[in-house]
Structure formats: structure tokens, C-alpha cells
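What follows is a short report on a single structure.
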Amino acid sequence: MEMNQYLEMFIEESKEHLQACNDYLLELEKNPGNLEFINEIFRSAHTLKGMSATMGFEDLANLTHQMENVLDAIRNQKVTVTSNVLDVVFMAVDDLEAMVYSIADGGDGKKNVSEVVRLLKQIETGQPVSQEKTTTSDPSAHTGQNERTQSFNDYEQNIIAQSLEQGYSCIECKISLRSDCLLKAARVFMVFDVLEKSGEVIKSNPTTEILEQEAFDQTFTVTVITTESAEAVAAKIMKVSEIEKVETKLIDLGNLRSAQAETAAAVAEEAKGTAESEQVSLKEKKVSKSIRVNIDRLDRLMNLFEELIIDKGRLEQIAKELKHAPLTQTVEHMSRLSGDLQDIILKMRMVPIDTVFNRFPRMVRQLAKDLRKEIDFKIEGAETELDRTVIDEIGDPLVHLIRNGLDHGIESPEVRIAKGKNPAGTLELKAYTSGNHVFIEIKDDGAGINREKVLQKAISKGILSEEDGNSLTDSQVYQLIFSSGFSTADQISDISGRGVGLDVVKHTIESLGGVITIESEPDKGSLFSIQLPMTLSIMTVLLVELENEKYAIPLSSIIETLIINETDILEAHHQKVMEYRGKVVPLVFLKELFKVPLQEKSEEEALYPVVVVKKGEKQIGLVVDSFIGQQEVVLKPLSRYLGDIQAISGATILGDGQVALIIDSNAFFL
């Protein structure tokens, strides 16, 4: 059987299943007892294993099978979900991703995974995971485990039943350590030592491995079989220092079976809810119909449509010149159809931004552990859509901004507590649509940007003089961090502080026709806001004329067009300006900028058409010779042989065959 024809489908579906594993593992860490998440992960892993085996990628199938065994043990409550266990499963998912990407790049999908397989088998057999191979456990993963009565497996139930029949007591001790207890593991050891002298410990919650690693809050529960009374056992435990209180409960056969029945009922109810949700999702899947289309085909379709737009403009020009009624009507009908076709094609190219956002929760989790910080990561507006071209480019800038916010922005828990803040910092990633633009915001509630530190660093690097620095606004100072080689990090780390990155972030965003701005307040946090066009290839512009040359200004950056008299032109600080709606707006004479031959105006012609453009809160007036009108055009990049041309972002072919340069209005703002 020839498998190459299915390879592309296998790679795409494998990536989707691995992303689902990542997402549900993160949810499982927040809710360790939720059986639905485990079932979803198991389902994706099982599908991936079957696909890999069918395609002949045995290493991929074998590792997935081993991961399945651990998931099955978790599902059957033989293994407790801890941060260390999840770290190993995450390692397995990382290896699976590396193998899939190796196959996508033409490789054989083979990788040495002996270490992660060893750790998975260790977990499966109930052995403690080697701490040096995984990151520190997350204490919050076990919060609340002691609030309910412990459940016992069949073996433990038999021991308790036999002990009770022989006259022994089974006592469940809920022990709370003082909040200022420094060596929790040592106190736990002393409690176990006391209990083992009084009887036999048969169960602890959390497990002894977790207790040894101090990966729990202040409370833990131990069940002991003894001949002593509950009061005597509690009194002995209270003799251990730094114990706040001990609560005891006698377990008899009646309440033991009752507790087991409640647990079984809860599991059955959860399984029923999972089955119902699966039925609902199956119904939804039947309603939604879609096919996979190669992006190269969409690009080809877009290129053909761009040619159609150019020809449509040419036909409109011919119909206007000939003034032939049937031709004019046909062209108008064609324009309406091409408009509808444009909407469909552009929507086909639009991709939800969650294809970029969904990689960040996992990244933030790992970085938070590396930095020893507590992070509450929130995502909003992941369903917002962007052109595929923009999606492919925006991922890396967002990665750097998020890493920068975690490293420089959000303080350590100790510092936050000293400032009266919640020890867990908040990082928000938000996307939303406004007009023809998409806005992406990265907001943190950290220390904010230190204005003086940024200024001193910029002055020491020679980016600006001390006199110029004192006259800058806060917003202008914050923009300095985008300078090449700029960094305020006190020491270099793997996360940030190498003096590269933010200048590349700004360059990438501006190359996409976007803008990035910063707002910050000391000890309140920072907000990085990115403004991007929804699509890059087709745009609506205002055509203007300079002598016999035509230029296009993107409509999205225009506030207003107006005509002023020569007397309205003023001068301030050696710059031509005009008064516009109560503000002083600088004027840029495009003829002078583009070196178009100048002609004297007569007194009757002493009028100046002005296009007012904006960038954020800033405004500038572009002086032209005349307005031609609004038109949809296809943006074509300039040849690399021309290099960077000041204030020009590309060119377009008009209906009459002329080439018009497209003006980059952002270039006029410093």
C-alpha cells in the first residue's frame, strides 16, 4: 500500500492531536480529578498511535503506547496526578512533536527516547519520579485533596476489615501544620515516626513521595491501624513541634463502604457526563463540514484574483471613456460579483489566531517554573481571524513579548508580597477586531517600565543625548526599548537580556503594515498593543496626484481630506504646520519629499489639498496637488534591487495601466 499520498494528512492530523494533548494536560493540571480531560488526552494519544502504526512509524507508535499506559493508570486511579507526573508526560509530548516535525521535514521520525520511556515506566509501576529529570512539583496541583474522605482500594479495604474484626481501630488523622512551618518534610517524617510506633500506617494523602518533596499545602491525612484510642494518637502527634491541629475520625465497615459507594457513584456520574458531552460533540461534528486545502492553492487563487482586480479596474476605465451604456452596466455587474468573490476568497485565507495562541499556555507554564514565579495566564479573543500571511509572521514577535513580560515585567512572589500584591502575577493575551485592523494586546500587572533606567541605558549606549532625553515624554522613552541592542537586564539569561529581540519585534510588525505602542505605569504593569491589517494583498486607497504622477495612500490611515489656503500654512520650529481641529499638525509636502518638479502656483491656484493621516494619537498633513478618488488596489512589493525607498511600501497597477506607488504614512512619524 502506497502511504506517501496520505503523509501530508497524517502530519496535519498528528499536529492537531498533539496540540489537543498539550491543551488538555494543562487543564488536567488545574483539575487533577477531572476524568473528562484524561479521556480526551487518551483518545488523542490512542488515535495518534493507530495512525503512526499504520504509516509505519514504529518509534512514534511505541512512545505513544507507553504514554497511553500512564494515562490508563491515571484513569484507573492507580497513579495520582502530580506536577512531576505531568512534567514527564509533557516531555513525551515534546518528543512526539519532534518526531512528527522530523517526518514533516523529510526525516524518518526516529529519536532516542529511552530516558522518557524509563520515566514513563517508572510512573506506571508506581515508583517516585526522579526529581533531577523533571522540574519542581507545583504545590497548587494538590490543593484541596485532603478536604474529602480518603478512598481505599480493594487491598486496603480487606486490611481494614480484617483489622476491625480482630479488635483493632482504624483512625484517619487529618494533620495541619502551622503556616510558618519551614521544614514541612521533616515534620511529616516525625509524624510518621510517632504513628508507626503506635500502629501500622496503611495510607497517606497526598502520597509519601509528594510529602517528601513538600509539594502540598499545610494539611495532609494519614490512616493508621492501632490498638490505641483516637485521643491518645492525636495527643502524641500534637507533641511534634509546629503542628497546629489534629482531627481524627474512626473508620468502621459501615462508613468505609458508604465512602466507597459515593466514590463509585461520582465516577459513574462523571463518566455519564463525559459520554453525553461526546454525543453532543459528535452531533456538532456532523453539522460542520470542511475540507483541507493546501495553502499554496489558496495563494495561487489569490494571485489570479489580484489579476482579475487589475483587469476590472481597466474595464471600468474603458467604460468610463467610451460612455457605452450596455458596457457600463456589464462592468458594474462584474464589479459587484468581484466584490462578493473578494469577500469569499479573503475569508478563505483568514485563520483564527488561536493557531498561534494555543502554543503559549505550555510555554508560560515552563517559563514560570524556570523563573520560580507564579503566573495566572489568561487568553481572550482567540477566535479573532487574521490573514494566513500575517499569522505565519506574528508568532515569533508574540513569543518574545510574552517572554519579556514574564522575565522583566512580573516580579517574583516574594517581591510582589512585599509590595502588597497577589503573589501570582497576571499575564493577559487579548485579540480583537476594530474596523479593518486586528489588535493584539499583551498586558501584565508587574513592575512596569522604569523610565529613568531606560533613559540612562539609552544615554550610555549613545542612542540619544542627556538633553534630548529630558525632553522626551513617557511614551517616547518607552519606545527606546525597541532600539537595536537595547536591554535593561542586569544579567544575561536564557529567557531574555541578550540585547536582541525587541528591535526585531518592531521591525517584523512594521513590515506587516502594523504598529506597536507601549503604555506603562510603575508597579501597576505594562501594556504592549499591536495593530495589524486584516489582510496584506488587497487594500482600499485614496489616489492622489503630484503633477503627472499618481500615488496611493491607504484609506485605513486617513482621518480626513481638506483644502487649505496658503495663508493657513504657518511655521513653527523650522517646520511648516497648520491648525487642525484645535491642534497644530505638521505638514509634509510630498512634491519636495519625492523630488517632483515644482511649478509656481498663480494666486487663483494658491490652494493646497491636504490628506490628514494618523498613527496612534499622532497626526500629520500630507500636501498633494489633487485628489483622484477612492479605489481598491492590489499591493505589489517592490523589487529587492530597489532596496528600501523612503515612505514607499509598494506599488500597484491602475486600470489605465499606470503604476502608482503606495505611500507608507507610518514613515512620516518619528
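One table, with the values for the structure above:
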{"read-out": "Residues of region 1-51 satisfying the condition of being basic (Lys, Arg) and either modelled with pLDDT of 85 or more or within 16 Å of Val93 (Cα to Cα) (or both)", "value": "Lys15, Arg43, Lys49"}
{"read-out": "Breaking point among (1) at pLDDT 80 or above; (2) within 47 Å of the chain's Cα centre (by Cα), for Phe216", "value": "(1)"}
{"read-out": "Sole exception among (1) polar (S, T, N, Q); (2) surrounded by fewer than 19 Cβ atoms within 10 Å (Cβ to Cβ); (3) in contact (Cβ under 8 Å) with a residue 60 or more places away in the chain for Asn31, by number", "value": "(3)"}
{"read-out": "Every pair of residues 6+ apart whose Cβ atoms lie under 7 Å, when the first sits in region 114-129 and is farther than 16 Å from Asp95 by Cβ and assigned to a helix (DSSP H, G or I) while the second is at pLDDT 85 or above and among the β-branched types (Val, Ile, Thr)", "value": "Glu124/Val70"}
{"read-out": "Restricting region 337-377 to residues that are over 30 Å from Asp299 (Cα atoms) and hydrophobic (A, V, I, L, M, F, W, C), the residue that is surrounded by the fewest Cβ atoms within 10 Å (Cβ to Cβ)", "value": "Met363"}
{"read-out": "Subset of region 227-243 [of a type outside the set (Gly, Ala, Ser) and surrounded by 15 or more Cβ atoms within 10 Å (Cβ to Cβ)]", "value": "Glu228, Val233, Lys236, Ile237, Val240, Glu242, Ile243"}
{"read-out": "Every residue from region 562-600 that is surrounded by fewer than 16 Cβ atoms within 10 Å (Cβ to Cβ), touching a residue at least 40 places away in the same chain (Cβ under 8 Å) and not in a helix (DSSP H, G or I)", "value": "Leu562, Ile563, Asn565, Pro597, Gln599"}
{"read-out": "Test for Lys550: is it at pLDDT 85 or above, under 16 Å from Ala660 (Cβ atoms) and in the same structural domain as Ile663 (by TED's automatic domain parsing)", "value": "yes"}
{"read-out": "Failed condition for Ile442, given (1) over 20 Å from Ile391 (Cβ atoms); (2) touching a helix residue (DSSP H, G or I) at 6+ places or on another chain (Cβ under 6 Å)", "value": "(1)"}
{"read-out": "Residue within region 72-86 that is under 21 Å from Lys110 (Cα atoms), part of a helix (DSSP H, G or I) and assigned by TED's automatic domain parsing to the domain that holds Gly109 present", "value": "no"}
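Per-residue answers, yes or no, for (1) over 19 Å from Pro361 (Cα atoms); (2) touching a residue at least 24 places away in the same chain (Cβ under 8 Å); (3) surrounded by fewer than 19 Cβ atoms within 10 Å (Cβ to Cβ):
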position	(1), (2), (3)
Arg75	yes, yes, yes
Val85	no, yes, no
Asp95	no, yes, no
Tyr101	yes, no, yes
Ala104	yes, yes, yes
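The values are calculated or read from the model by the stated rules, or taken from the named source; none is laboratory data. Remember, predicted model here, so these are calculated numbers, not experimental data. Positions of Cβ are generated from backbone atoms using ideal geometry, with glycine treated the same way; all protein chains shown enter the neighbour counts.
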